1. Taking 0.36 nm per intervening residue step and subtracting the Cα-Cα distance, what contour gain separates Arg722 from Asp627 on full extension?
2. Search the structure for amide H atoms under 5 Å from the amide H of Asp148, placed 1.01 Å from N in the peptide plane, and list their residues when 5 or more places away or on another chain.
3. With a cut-off of 8 Å between alpha carbons and a minimum separation of six or more residues, what is the relative contact order of segment 406-528 in percent?
4. Between the helical axis of 610-622 and the dominant principal axis of the chain, each derived from Cα atoms, what acute angle in degrees is found, rounded to the nearest 10?
5. From the backbone phi of segment 656-664, what are the Karplus-calculated ³J(HN,Hα) couplings (6.51 cos²θ - 1.76 cosθ + 1.60, θ = phi - 60°) in whole Hz, Gly and Pro given as x?
6. Would you mind checking the tilt of helix 281-294 against the longest principal axis of the Cα atoms of the chain, expressed as 0 to 90 degrees and rounded to 10?
7. Convert each backbone phi in segment 438-444 into a coupling constant with the Karplus relation 6.51 cos²θ - 1.76 cosθ + 1.60 (shift: θ = phi - 60°), then list the ³J(HN,Hα) values in order as whole Hz, x for Gly and Pro.
8. Given R₀ = 35 Å, FRET efficiency for Glu703-Tyr387 by Cβ-Cβ distance, to 0.05?
Amino acid sequence: MARGKKARAEGEDLEFFARCASGFEQVLAGELRRLRMRRVRPLRGGAAFFGTLEDGYRACLWLRSATRVQLVLTRVAATDADELYRAVKAYAWERQVRGGATIAVDAHGENDALRNSKFTALKVKDALCDRLREQLDWRPDVDPHDPDFAVNVALHREKATIYLNLSGASLHRRGYRADGVQTEAPLKETLAAGLLLAAGWPDLAREGGVLVDPMCGSGTLAIEGALMAADIAPGLLRERWGFEGWLGHDPALWRQVREAAAARGAVEGCGALILASDLDAQAIAIARDNATRSGVVRLVRFSVDDAARLGRHLRGKRIAHAPGGLLVANPPYGQRLLSKDELPKVNETLRAAVEALPAGWSTALITPDAGVDTALGMVPDELISCYNGPIKAWVRIYRHGAAERQTCEVVSLAGVRRSVPIAEATSEQFAARLRKVARESARWARRSQVSCLRVYDADLPDYALSVDLYLADKAADGYAVVEERRRPGSVDELRATHRFADAVALAGVVLDVPVDHVIGRPWQAEAERRPAGASARRMVSAREDGNRFEIDLEGRPDTGLPLALRGVREQVGALSKRARYLGLFAASAATAVHAARGGARRTTTVCSYPDRIEWAEHVLADNGFSDTKHICVCEDVRDWVSERRKAGSSFDLIACTPPAWLPAQRQGQTDFELRRDHVELICQVAGLLARGGTLVFAFEDKEFKLDEKALLKAGLTVEDARVQTLAHGFERRANEHHCYLVRRA
Ligand SMILES: C[S@@+](CC[C@H](N)C(=O)[O-])C[C@H]1O[C@@H](n2cnc3c(N)ncnc32)[C@H](O)[C@@H]1O
């Protein structure tokens, strides 16, 4: 077999692209600069740089946050598949691929003509193989899993960049994990390294600082931290590289680079201290093995313990005299590990751990839980939005002594003056606005005998959140719930996070609510929220028009007393004299209590959640309506209505407050979508109305449009009651509020 010429000339300036997890581009660029690479440019998903072959080898061996190092081989025109094929075939692959090497090609990106990256990769592979067959009379075998020579193709508009994957298998495979022996949900080594670099651990380690991971699992953060502290190249244990099937590879130079790296790192004389613990003894055994294989076990103190007891491990002179420290953690997310109900407990544990830290230490967490700031009472100085596997998460860094916090002078509703640290200057305006609206609303609440009220509703566009206040007899027993609206993608995440944290802190002070009674709910994607029926509860007592309700501030889909529907409950109370009342989709019996108080002869409450029905019975009894005239039924509402229609039941007043969507409950039933199916539901329910009866149909939905024509056609009249039932404090959401009084024509 004929051999091609050498792939590159000595000292040639080569162009590289190092890939990393998205969000860590700046961190990677920082690493490249410290490695003295030239023309470093962070780009989406990685960083470009220039250097010699030796630099390329050093990048493979030393980069900690990179997942791959690629060498640019060529750039070709790729308007369509034929052009791409021709251009790739014209490239001198015989000077690149070692004879006998196995190959693989992958591609990403698309253009108008090349929409399928698998097809793009296939075209490039065919061109490469055809070229080698023509030139060398040899066709390489394809090995997609462990090739000797891997080509990466990046398609962008009409151009394709063809890279050699210089590093080979993903660089997170350091080689210190034993095959098949793992803990659940280990962090990728490159992600762990990215977190530590972003948090400034290498500098702290150099000064002799302390690193602590109290939920260390398989020890990834601790081991990566130790490798950094001891200046050990993360790639030293790797046995296979992507350049082995490349003719440009220079084994002597590689040996030199490796030997230089091996001579440099040393555990001996390293001044840093690393503590790693976990509740799970088996995880600690695995972590210790991993640390042994990576050669840093002497730097890490492992222990089996609860993170809440971290304080016990932070005593002693060594730590007291350390120049500083960093707590890192990758807590369970309530997704792969634990159920969501246990998240508050995890946050409590983290809080205890953070509170045990000596003054001046920093903290860095990787978690999908944006509520962790409120739980820890801390404001992050840096946020990196990233993915941990398939899970959207953030690295949240709370740096000691970052920017000096400004303070804002606040006078509470009760007249107490306090100075509150804030992260954003504009939060002062939020505090002023909240105070003004809350003062007026509190006066209204006293007059109306209401103890639960909305006191702020996205009045300032930059503070798009709501604040609900739950007053108690003693101010210190009150609660506030601060809930963020959806964040538009254009909003700077760190600023939005700062504003939200400020709002939570200021709401407590302005409303005279103790810190631990302020519930902060930053915006989270629907998929990340706690599901309905989860068990963590925060029960408080609320008053409304002389009625008393035990409600759950953590309740889903609502607390049991949706404040937005207060006007609807009043309307029901006003219409209920001597009525036989029916409440459908009643999350609690709050509306039934209003009906009973308004003089209803009988009330029936129907809901499909057993715990909600139990609660509804309790709420009715609590208000003195516990006799047989007031019943609660746990059944699927749609099934119950059709059965009652068959049985000929009728009611004088029906309140129906449906959810926006309901899954099918059994075979033969379809999903329910309010916007699509409301006419059918209203017609079904109206079939239970007695002569002269009224159906109050109410809910919150911005996009909803009532199909009045279809209802008229079905013999029903509709009275629009949106204005008179709009709740106090919800004026800005008038377009979301819907309430219709439906009667038989
Ligand atoms: C997501 S895993 C950490 C994974 C780790 N970063 C790794 O790379 O393997 C979370 C860990 O927290 C531990 N954990 C949960 N609650 C704990 C507690 N109260 N104290 C200590 N460890 C805890 C679990 O045992 C689990 O190992």
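Only the coordinates and a few stated rules stand behind these numbers; no lab work does. Keep in mind that what you see is a predicted model, and the values were worked out from it rather than measured. So basically every Cβ, Gly included, is an ideal-geometry build from the backbone, and we count neighbours across all protein chains shown.
1. 30.9 nm
2. Thr102, Ile103
3. Computed over segment 406-528, the figure is 26 percent.
4. 40 degrees
5. Computed from phi, the couplings for segment 656-664 are 10, 10, x, x, 5, 8, 9, x, 4 Hz.
6. 20 degrees
7. 5, 5, 5, 5, 5, 5, 4
8. With R0 = 35 Å, the Cβ-Cβ based efficiency is 0.70.
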